[in-house]
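Let me begin by presenting the structure, written as structure tokens, before commenting on it.
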Amino acid sequence: MIYYCFIGIAAVMFGLQFFFNREFQQNEGNGLAKTVVFSFITSAAIAVIMFVINKGKFEFTPFSCAMAFLAALVGVTFTYFSVLAFDKVNLSVYSLFSMLGGMILPVIYGVAFYAEDFSLKRVLCVAVIIAALFIGTDLKADKKTLLYCIAVFMLNGLAGVVSKCHQSSAMATSSSNFMQIKSIITLLICGVYMLVTGMKISLSKPAKSIRAAVCFAFMTGIANLLVLIALVHVNASVQYPMITGGTIVVSVIISLVCKEKVTYKNILSAVLA
């Protein structure tokens, strides 16, 4: 039961992270340079958070380092294609492809490679959540934009697959150490990119933007840690639909609390989820 609570808490935190991500974007915009800076700050913050959780200890295995590098590479590439997609589609279309990939690919991977049970109830669960995601989404897009969205779908799904693969191995280090290694590698990738391109860290509203990035890092860092811990005990085919459905509900609740415009389609989507 405790691990289902972890998944529930993670879903809430994933919903809240969008609030801080949006705050950063409102301050700095969605350009590639600003996104790299955002990733640099959040990776540094997550590395520090995991260092504290690990009580200053740093453990690793060759397998975990390899998987962390793969996870970091997937994450950075996902960020790149997210920026490209954001220039062409609205948030609802982007979220549709991102959340579908984050749910469907880990489910398929868990069933195909780890013989996870995929009963009729689970099939219906995934089908209803897919319906909830599609409600109110305008899918009009040209072929190039569609390729960006498919890349977002695949990469966000691969992130879940890598997590499942790591957590299912006897060669893996602890979840918090894996998160720490991944964050450090992501930090290095962003640093190298900025060094090679000559890009400078420049923020329009430094105090507000750094605060938003650190809050985002706390939410996504702890949420992903809880997800990794739960993956050892809960099937991916159960966990990822729970996270996707829960995130939909939390996002609508946040919109209501912030007194944003919420349509009947948003409400229906949350009810289905």
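Across q = 0.13, 0.25, 0.26, 0.30 Å⁻¹, the stretch 164-221 modelled as identical point scatterers on its alpha-carbon atoms has Debye log10 I(q)/I(0) values of -0.52, -1.08, -1.10, -1.15, in the order of the q list.
Legend: translational diffusion of the stretch 111-223 by Stokes-Einstein, Rh = Kirkwood radius over C-alpha pairs, 25 °C, 0.890 mPa s; D = 133 µm²/s. Rolling a 1.4 Å probe across the protein heavy atoms gives the chain an accessible surface of 50 Å² per residue. One way to sum up the overall shape of the chain is the equivalent ellipsoid from its Cα gyration tensor, whose semi-axes run 26, 25, 18 Å, largest first.
What a 1.4 Å probe finds exposed on the stretch 1-156 is 72% carbon and sulfur by accessible area, rounded to a whole percent.
The Kirkwood hydrodynamic radius of the stretch 1-73, based on inverse pair distances between different Cα atoms, is 14.9 Å. Placing +1 on each Lys and Arg Cβ and -1 on each Asp and Glu Cβ, with no other charges, gives the chain a dipole about its Cα centre of roughly 440 debye.
Around the Cα centre of the stretch 66-189, unit charges on the Cβ atoms of Lys, Arg, Asp and Glu (plus for the first two, minus for the last two) sum to a dipole of about 60 debye. For the stretch 233-246, putting each phi into the Karplus relation 6.51 cos²θ - 1.76 cosθ + 1.60 with θ = phi - 60° gives couplings of 10, 10, 4, 4, 5, 9, 5, 5, x, 4, 5, 4, x, x Hz, in residue order, rounded to whole numbers and with x for Gly and Pro.
What you get for the stretch 128-213, charging only the Cβ of Lys and Arg (+1) and of Asp and Glu (-1), is a dipole of about 280 debye around the Cα centre.
Between K259 and F58, the modelled labels are 4.8 nm apart [label points 7 Å from Cα along Cα→Cβ]. Reducing the stretch 28-42 and the stretch 49-118 to their Cα centroids gives an inter-centroid distance of 18 Å.
Take the Cα of K144, go 7 Å toward its beta carbon, and the backbone nitrogen atoms of the stretch 80-106 under 17 Å from that spot belong to 81-90.
The values are calculated or read from the model by the stated rules, or taken from the named source; none is laboratory data. This is a predicted model, so every value here is computed, not measured. Note that each Cβ is placed from the backbone with ideal geometry, even for glycine, and that neighbours are counted across all protein chains shown. For the accessible areas, the whole protein counts, side chains as well, though only heavy atoms, and no ligand, DNA or RNA atoms are used. Shrake-Rupley method; radii C 1.70, N 1.55, O 1.52, S 1.80 Å.
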